[in-house]
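This report refers to the structure that appears directly beneath it.
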Amino acid sequence: MSPAEARLKEVPSNMAEAEWQQRVNLAAYRLVSLYGWDDLVDTHISARVPGPSITSSSTPTG
């Protein structure tokens, strides 16, 4: 396991494991920007944050 992979498995103490996993998954979407796919009309990426409350995360429209 690389040092980066080990850090991804360390859940911050102030965050639920499910929320951390969702944030890790969303971080992978930085590839969208890397490949220039974020310049399309009304492009955005969103995800529901797991847990009892209804919370979501999204990237700005691009």
Exercise. Which pairs do you get when a residue that is of a type in the set (A, V, I, L, M), found in the range 23-37, comes within reach of a residue that is not in a loop (DSSP other than H, G, I, E, B), reach meaning Cβ atoms under 6 angstrom, with the pair 6+ apart or on two chains?
Worked result: Val24/Leu8; Leu26/Ala47; Val32/Asp38
Exercise. Is it the case that some residue within the range 47-57 is modelled with pLDDT under 65 and among the small types (Gly, Ala, Ser)?
Worked result: yes
Seminar exercise, completed: Within the range 23-42, restricting to residues that are within 12 Å of the chain's Cα centre (by Cα) and at pLDDT 80 or above, the one that is surrounded by the most Cβ atoms within 10 Å (Cβ to Cβ) is Arg23
For this session: Considering only residues that are acidic (Asp, Glu) and either at pLDDT 80 or above or in a loop (DSSP other than H, G, I, E, B) (or both), look in the range 1-22 and name the one that is nearest to Ile45 (Cα to Cα).
Result: Glu19
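The values are calculated or read from the model by the stated rules, or taken from the named source; none is laboratory data. Remember, predicted model here, so these are calculated numbers, not experimental data. Note: ideal-geometry Cβ built from the backbone for every residue, glycine included; neighbour counts use all protein chains shown.
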